[in-house]
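Remarks on the structure that follows.
The values are calculated or read from the model by the stated rules, or taken from the named source; none is laboratory data. Because the structure is a prediction, the values reported are computed rather than measured. Neighbour counts are summed over all protein chains in view; Cβ atoms, including those assigned to glycine, are modelled from backbone coordinates with ideal geometry. For accessibility, only protein heavy atoms count, side chains too; no ligands or nucleic acids. Shrake-Rupley method; radii C 1.70, N 1.55, O 1.52, S 1.80 Å.
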Amino acid sequence: MLMRTDPFRELDRLAQQLTGASGTWSKPSAMPMDAWREGEEYVIALDLPGVAKDAIDVDVERNMLTVKAERRPVMTGEDVQVELSERPLGAFSRQLVLADTLDTERIRADYDAGVLTLRIPIAERAKPRKIAIGDMPHHRQIGT
């Protein structure tokens with residue numbers, strides 16, 4: 001149901017984890033995700049720990065689903081001295097090409113405990129259905 005748009009994105013994500021680099025809007029970090037079919041829906045779960053709900057943006061244009069988020073530092077102020085900073089900050093983004101069999105008009109999004117869950121119904125036209133077999137009308141023979 002999904003197609004990856006960039007086969008090297010996973011390598012970039014691993015490199016960012018190893019170097020501790022933060023994502024920027026011009027080069028955002030990837031966000032880990034799981035995807036599965038559950039009954040008549042396709043479910044996508046994206047990890048966004050520590051991201052405020054209002055810092056998440058979900059868009060769909062045609063069959064391209066884009067999720068963008070920004071994790072801002074919580075340690076701010078003149079008297080703050082950072083001792084350790086390992087949690088990734090900055091911009092995160094993920095783009096997914098959705099199959100034509102999904103109903104992009106009825107996507108639902110929920111955010112709980114740092115996980116963004118998208119539920120995309122399978123389009124009616126993609127569901128299996130029985131085709132009734134009718135009787136062909138008898139053709140009149142010529143000359144009768």
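Please work out which residue is most open to solvent (accessible area, probe 1.4 Å), limiting yourself to the stretch 85-115 and to residues that are assigned to a strand (DSSP E or B) and either within 15 Å of residue 50 (Cβ to Cβ) or out of contact with any strand residue (DSSP E or B) (no Cβ under 9 Å at 6 or more places or on another chain) (or both).
First, the residues of the stretch 85-115 that are assigned to a strand (DSSP E or B): 90-98, 102, 108-112, 115.
Of the ones still in play, those that are also either within 15 Å of residue 50 (Cβ to Cβ) or out of contact with any strand residue (DSSP E or B) (no Cβ under 9 Å at 6 or more places or on another chain) (or both) are 90-92, 111-112, 115.
On the way: 90: 16, 91: 3, 92: 22, 111: 59, 112: 115, 115: 45 Å².
Step by step, filter the stretch 85-115, then rank; the result is 112.
Anything in the stretch 1-56 that is touching a Pro at 6+ places or on another chain (Cβ under 8 Å), modelled with pLDDT of 70 or more and closer than 23 Å to residue 86 by Cβ? List them, or say none. Passing the criteria: 29, 46, 47. Evaluating residue 118 against the criteria (1) in contact with a strand residue (DSSP E or B) (Cβ under 6 Å, 6 or more places away or on another chain); (2) open to solvent by 40 Å² or more (accessible area, probe 1.4 Å); (3) not aromatic (Phe, Trp, Tyr) leaves one unmet condition, (2). Filtering the stretch 43-84 to residues that are without any contact (Cβ under 8 Å) to a residue 12 or more places away in the chain, open to solvent by 70 Å² or more (accessible area, probe 1.4 Å) and farther than 20 Å from residue 120 by Cα leaves 54, 75, 76, 78, 79, 81, 82, 83, 84.
Does residue 126 qualify as being open to solvent by less than 60 Å² (accessible area, probe 1.4 Å) and either polar (S, T, N, Q) or modelled with pLDDT under 90 (or both)? Yes, satisfied.
Mind checking whether some residue in the stretch 45-60 is in a loop (DSSP other than H, G, I, E, B), of a type in the set (Asp, Glu) and over 16 Å from residue 29 (Cα atoms)?
No, there is no match, as no residue in the stretch 45-60 is in a loop (DSSP other than H, G, I, E, B), of a type in the set (Asp, Glu) and over 16 Å from residue 29 (Cα atoms).
If the requirement is being aliphatic (A, V, I, L, M), more than 21 Å from residue 33 (Cα to Cα) and out of contact with any Lys or Arg (no Cβ under 6 Å at 6 or more places or on another chain), which of these qualifies: 132, 113, 109? Exactly one of 132, 113, 109 is aliphatic (A, V, I, L, M), more than 21 Å from residue 33 (Cα to Cα) and out of contact with any Lys or Arg (no Cβ under 6 Å at 6 or more places or on another chain), namely 132. Residue pairs whose Cβ atoms lie under 7 Å apart, sitting 6 or more positions apart in sequence or on different chains, and linking a residue in the stretch 97-109 that is more than 18 Å from residue 56 (Cβ to Cβ) and in contact (Cβ under 8 Å) with a residue 40 or more places away in the chain to a partner that is aliphatic (A, V, I, L, M) and part of a helix (DSSP H, G or I), are 101/126.
When residue 87 is tested against (1) touching a Gly at 6+ places or on another chain (Cβ under 7 Å); (2) within 17 Å of residue 116 (Cβ to Cβ), just one condition goes unmet, and that condition is (2).
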